[in-house]
Structure formats: C-alpha cells, structure tokens
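Engineer: Dropping a structure here in structure tokens format, bear with me for questions.
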Amino acid sequence: MTDVVDAPTTVKPINHWISGRPYAGQSGRSGPVFNPATGEQTGAVDFATVEEIDKAVQSAKQALPAWRALSLAKRAELFFAIRELFHAKREEIAKHLTLEHGKVLSDAMGEVTRGLEVIEFCCGIPHLLKGGMSEQASTGVDVYSIRQPLGVVAGITPFNFPAMVPMWMWAPALACGNTFVLKPSEKDPSASFYTAELLEEAGVPAGVFNVVNGDKVAVDAILEHPDVAAVSFVGSTPIAKYVYETATANGKRCQALGGAKNHMIVLPDADIDMAADAAVSAAYGSAGERCMAVSLLVAVGDVADPLVEAIKQRIPSVKVGDGMDSSSEMGPLITREHRDKVASYIGADEGATVVVDGRDRANGDGFFLAPTLIDDVKPGMKAYEDEIFGPVLSVTRVSSYDEAVRLVNENPYGNGTAIFTRDGGAARQFQFEVQAGMVGINVPIPVPVAYYSFGGWKASLFGDRHIYGPEGIDFYTRSKVVTSRWPDPATSQIDLGFPQTR
Ligand code: NAD
C-alpha cells in the first residue's frame with residue numbers, strides 16, 4: 001500500500017494496474033511527474049503500448065461474467081465497504097493530489113469528499129437499476145424492462161481532478177455491473193494507482209478495475225479496441241471532440257466532456273462584498289484549474305467600478321504557496337509550461353487593463369502564478385476567447401442584463417454560469433433563457449450534487465448523456481424489454497398476423 005507520508009525525494013516509478021496487481025510497463029516510454037510546488041520531478045509514469053492496453057481490456061473482459069452476475073445485494077454491500085475505506089483514507093488520497101497536482105490540501109480534501117458523494121449514491125444501486133413493469137399489457141401478457149451493463153467500459157481523465165473525475169466514472173460503471181479500464185492524466189497518475197490498491201483492499205475482484213497510464217498511443221488503442229463498449233472522457237474541448245468522433249466511429253457509446261469559459265454576471269443590485277468574495281473564491285481556487293472556475297466576470301452597469309475595486313482589495317490577502325502548508329490558500333499550476341502559457345495572457349490584449357499582475361508575486365522553483373485581474377476585456381480579445389485555465393480573472397463591462405445574457409449565449413462553451421442579484425425575477429428569467437448546462441443563482445460554482453448529473457452544453461459536452469447521477473446510470477446501462485406470457489398450451493394455434501395488443 002503506497003500511503004503517502006512525506007513528499008518523496010527520489011523519482012518513483014508509477015506502473016499500470018492490470019488483473020488485480022501492479023504491472024510494470026514494457027514500452028520503455030515514460031513521462032515525468034512533478035511536484036509543482038517545488039518544480040522537482042518526483043515520478044516517472046509508464047506509457048502503455050497497444051498490447052498493454054489490450055492486456056488490460058482482456059483482464060476486464062475475463063472478469064466481466066462473474067462481476068455482472070454478482071447480486072445487487074452483494075454489489076451494494078461492496079460499495080458500502082468501498083465507501084468506508086475511501087472515507088478512512090481520504091487524507092491519503094488528498095495528499096497524492098496535492099503532491100502531484102499542487103492544489104492545497106483542504107481543496108484536495110474537498111475534491112475527495114465530492115467524489116465520495118458519487119460512491120455514496122452508488123450504494124443505492126439496487127434501487128437505481130429498478131426497471132418498469134406493465135401487467136396485462138395484452139390479455140395474459142406482461143411486459144417489463146430491465147437495465148443491463150454494457151460490458152468493458154473505459155474512462156479517460158484530465159489532470160485537474162485526479163481522484164474525483166475518475167470516481168464520476170468508475171463508481172457508477174462498476175455499480176451497474178460493467179468492468180473498467182481507466183486511463184488517467186499522465187501528469188498526476190498516482191491517485192489512480194492508489195484507487196486501484198484501495199478497491200482491491202475493499203474486495204473488488206481482480207480485473208474488474210484496471211489502470212493503464214500513457215499518452216495518445218494509449219487513448220487511441222482504447223478508442224479503437226473492439227472489446228471496449230463505451231468511453232467516458234473529460235478534458236479539453238479539442239480532445240473531447242476527437243475522442244467522441246473516434247469512439248463513435250468505432251461503434252462505441254461515448255460521453256466526452258470538454259472545456260469551459262464560465263461567465264459570472266453581477267447585476268447592479270447585487271451585494272458587492274458577497275459578489276467579490278464569490279468571484280475571488282471561484283476564480284482563484286485550485287489556481288483557476290477547474291472546469292467550473294469563473295474566468296469571466298460580466299459587470300452590469302455601475303456595479304463595475306466598486307466590484308473591481310473590491311476584488312483588487314481582496315487579492316493580496318490570498319496566500320499563495322505549497323499546498324502541503326496548511327496556511328496556503330492557492331497552490332501552483334500543474335507544469336512550468338502551463339504556468340508560462342497562462343502568464344502570457346497578462347498584458348497581451350491591447351485595450352485591456354491589468355489591474356493586478358500575478359507575475360509580481362511569483363517565487364521559488366515551483367510553478368506559481370499569483371491571482372491576476374484584468375479589466376476592460378472585450379469579445380475578440382484573447383483573454384475573452386480562450387479557456388486560460390489559470391488564476392486569471394477577466395472583467396467585461398456591459399450596460400444591461402440583456403447584453404450580459406447574450407454574451408453567455410453566444411459563447412461557444414456552455415458548461416457553467418452564475419448570476420449574482422437580489423432580484424428573484426431577474427434570476428428566474430436567467431435560469432429560463434441562459435444556454436449552459438449548470439446554472440448558479442448566487443452560487444459561483446454550481447457543481448450538481450451526486451443525485452443530479454453533471455454536464456455542459458455546446459462545446460463543453462459531446463454526446464447526449466451527462467455524467468454521474470441518473471444520467472450516469474443511464475450511460476452505463478442499456479435497456480432490454482421482455483414480453484412474457486404463460487398460456488394454456490391447449491389454446492395454442494398458428495397465427496401469421498403481426499402480434500396486436502388486445
Ligand atoms: P487534456 O484534454 O489535455 O487531457 C485529457 C486526457 O486526454 C488526458 O488523459 C490526456 O492524456 C489525453 N490526451 C491529451 N492529448 C491527447 C491527444 N492528442 N490524443 C488523445 N488523448 C489525449 O485536458 P487536461 O489538460 O488534462 O485537463 C484540462 C481540461 O479539462 C480543461 O480544458 C478543462 O476545462 C477540462 N475539464 C473539463 C471538465 C468538465 O467536466 N467539462 C472537468 C475537468 C476538466
């Protein structure tokens with residue numbers, strides 16, 4: 001068991017997990033894993049070959065018949081055991097996240113807690129898999145529907161939620177009776193390996209959950225594998241589109257969640273302090289590396305000046321530092337290259353005003369960039385159009401509610417959005433007409449609770465099912481409808497007509 005005690009001082013190999021045990025990759029290819037707070041390389045993760053992907057899929061395929069035959073009562077019991085173990089080990093999981101992703105430990109604990117909620121939802125799997133029944137649909141004929149697993153399913157996940165996003169996938173997939181192959185982000189893979197160890201300890205049979213690490217070679221091998229029935233993907237929009245198109249072209253069911261540019265609208269009647277607190281929390285939490293982060297503040301009318309001033313006042317007190325230091329509120333970015341790319345947006349747009357420049361507070365060898373605030377950002381500017389995915393908050397000034405909503409609706413992304421107001425009628429109208437999958441009313445990061453489903457609209461989701469919750473159960477199952485009768489053989493006769501319900 002690879003419990004984390006302190007940050008490792010040597011480069012550790014990070015293997016795959018196939019057939020219930022670690023599997024050292026044979027490709028000779030690997031990728032570096034860093035501690036973003038120090039800039040040190042701490043791990044080298046194996047990159048899988050096409051043959052290794054096949055090995056993992058075959059292991060999942062072998063485990064499938066027994067797993068899908070396990071009674072619902074036993075599957076639910078096992079999920080309670082998984083829940084207990086993950087809950088007991090939540091701090092260990094969180095440490096893996098902080099050491100490889102960089103997010104502060106309290107935020108990492110929040111990630112694990114939200115993932116645990118999905119596991120808790122899955123403890124009710126007997127209820128969730130209930131079908132429907134119509135007695136006497138025709139004379140002496142009953143009709144009922146049942147939900148069955150798809151088979152071997154795969155998940156491909158991003159760097160920014162290394163534990164929670166995999167939980168969104170493997171928990172409902174396994175609960176529904178599928179077996180699973182996970183390809184986590186190569187940037188912070190240890191949480192997935194640890195997940196495999198914990199699932200094994202909880203009693204999940206070998207082969208039911210496998211982890212393969214790697215890059216495009218591994219992803220393509222999954223997308224093209226004939227024995228993989230479905231693929232869940234979360235990541236950036238260009239890759240989500242590619243994954244969706246390739247998976248569906250290969251006959252697979254696919255849900256592919258993409259990137260975002262989340263607008264938070266602040267109306268003139270909003271409480272300025274509350275809106276400023278919310279904007280700072282939602283823009284700079286996890287260094288802005290959340291698909292539900294607020295990256296654009298749309299200030300309506302005369303709210304702009306006091307709001308920008310209130311945010312500017314708050315930024316210096318956000319403590320930026322190593323996520324393992326309990327006083328830190330914001331950690332580093334994932335890699336040096338990503339930090340530099342995010343920093344390149346600062347001052348790049350002519351006409352925009354850099355109010356707070358986070359580069360001024362960068363220090364040490366870690367991949368740090370402090371909170372940055374850019375005002376007067378307009379459509380067409382780079383800071384407006386791109387998903388920056390860092391601690392950069394842009395402010396766009398508009399004169400009316402209608403203009404603000406039009407900006408959200410015209411944006412190619414449609415993940416999350418929020419409105420801050422004291423006017424219930426305006427909020428109700430916003431909920432009614434805004435084109436985004438997840439809407440917050442005085443809530444800046446409206447990630448749905450586990451018994452609803454998570455997903456955006458437009459370029460933020462390819463596919464027609466959102467992830468986890470009821471739509472997650474729907475995604476990982478297919479329905480079968482049974483028509484049944486028990487007639488008296490004495491009444492049997494040949495009838496070549498099409499069956500009619502009378
Ligand atoms: P990414 O798209 O670079 O990587 C996601 C996964 O795809 C990784 O496992 C990676 O190995 C793989 N991948 C990368 N390039 C590939 C290629 N060319 N071919 C095949 N596979 C490839 O995303 P990321 O940088 O890890 O994560 C950040 C992105 O994820 C952001 O855009 C963010 O908005 C998005 N995200 C979206 C949600 C959501 O729910 N909509 C949630 C979290 C993150």
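The values are calculated or read from the model by the stated rules, or taken from the named source; none is laboratory data. These figures come from a predicted structure and were not determined experimentally. Ideal geometry is used to build each Cβ from the backbone, glycine not excepted, and the neighbour counts take in all protein chains shown.
Engineer: Can you name every residue in the stretch 1-14 that is more than 23 Å from the chain's Cα centre (by Cα) and modelled with pLDDT of 95 or more?
Structural biologist: Residues satisfying the conditions are Val11, Lys12, Pro13.
Engineer: Right, here's the next one. Condition first: crowded, with 19+ Cβ neighbours inside 10 Å, more than 25 Å from the chain's Cα centre (by Cα) and outside any strand (DSSP E or B). Can you find one or more residues in the stretch 88-109 that meet it?
Structural biologist: Within the stretch 88-109, none of the residues are crowded, with 19+ Cβ neighbours inside 10 Å, more than 25 Å from the chain's Cα centre (by Cα) and outside any strand (DSSP E or B).
Engineer: Considering every residue within the stretch 65-73, establish whether at least one is within 27 Å of Gln255 (Cα to Cα), surrounded by 22 or more Cβ atoms within 10 Å (Cβ to Cβ) and in the same structural domain as Thr477 (by TED's automatic domain parsing).
Structural biologist: no
Engineer: Say we look at the stretch 457-492 and pick out the residues that are over 25 Å from Cys122 (Cα atoms) and among the charged types (D, E, K, R); which of these is surrounded by the most Cβ atoms within 10 Å (Cβ to Cβ)?
Structural biologist: The selected residue is Lys458.
Engineer: From the list Val211, Val234, pick out the single residue that is near the ligand (Cβ under 9 Å from one of its atoms), at pLDDT 95 or above, among the β-branched types (Val, Ile, Thr) and in contact with a helix residue (DSSP H, G or I) (Cβ under 9 Å, 6 or more places away or on another chain). Give the derivation first.
Structural biologist: On the way: Val211 fails: near the ligand (Cβ under 9 Å from one of its atoms).
Selected residue: Val234, the only one of Val211, Val234 that is near the ligand (Cβ under 9 Å from one of its atoms), at pLDDT 95 or above, among the β-branched types (Val, Ile, Thr) and in contact with a helix residue (DSSP H, G or I) (Cβ under 9 Å, 6 or more places away or on another chain).
Engineer: Wholly within the stretch 155-255, which strands (runs of 3 or more DSSP E) include no fewer than the required count, namely at least 3 residues that are among the aliphatic types (A, V, I, L, M)? Talk me through it step by step, then tell me what you get.
Structural biologist: Numbers: elements: 179-183, 209-211, 230-234.
Because the criterion is at least 3 residues that are among the aliphatic types (A, V, I, L, M), the strands (runs of 3 or more DSSP E) in the stretch 155-255 that meet it are 230-234.
Engineer: Here is a follow-up. Take the residues of the stretch 131-158 that are of a type in the set (Gly, Ala, Ser) and either more than 22 Å from Val234 (Cβ to Cβ) or more than 16 Å from the ligand (Cβ to nearest atom) (or both): which is surrounded by the most Cβ atoms within 10 Å (Cβ to Cβ)?
Structural biologist: Filtering the stretch 131-158 for residues of a type in the set (Gly, Ala, Ser) gives 131-132, 134, 137-138, 140, 145, 151, 154-155.
Remaining after also requiring either more than 22 Å from Val234 (Cβ to Cβ) or more than 16 Å from the ligand (Cβ to nearest atom) (or both): 131-132, 134, 137-138, 140, 145, 151.
On the way: Gly131: 13, Gly132: 10, Ser134: 13, Ala137: 15, Ser138: 14, Gly140: 12, Ser145: 13, Gly151: 17.
This residue is Gly151.
Engineer: Can you tell me which of (1) in a loop (DSSP other than H, G, I, E, B); (2) surrounded by fewer than 22 Cβ atoms within 10 Å (Cβ to Cβ) is the one His338 doesn't meet?
Structural biologist: It fails just one condition, (1).
Engineer: Cβ-Cβ distance below 6 Å, separation of 6 or more or different chains: which pairs start in the stretch 430-455 with a residue that is within 16 Å of the ligand (Cβ to nearest atom) and end on one that is of a type in the set (S, T, N, Q)?
Structural biologist: From residues that are within 16 Å of the ligand (Cβ to nearest atom), the pairs are Gln435/Asn409; Ala436/Thr417; Val439/Thr417; Val439/Gln431.
Engineer: Scan the stretch 342-384 residue by residue and report those that are touching a residue at least 24 places away in the same chain (Cβ under 8 Å) and part of a helix (DSSP H, G or I).
Structural biologist: Those that are touching a residue at least 24 places away in the same chain (Cβ under 8 Å) and part of a helix (DSSP H, G or I): Val342, Ala343, Gly358, Arg361, Lys382, Ala383, Tyr384.
Engineer: Still on this structure, please answer the following. Any chance you could count how many residues in the stretch 159-183 are surrounded by 24 or more Cβ atoms within 10 Å (Cβ to Cβ) and touching a strand residue (DSSP E or B) at 6+ places or on another chain (Cβ under 7 Å)?
Structural biologist: Selection size over the stretch 159-183: 14.
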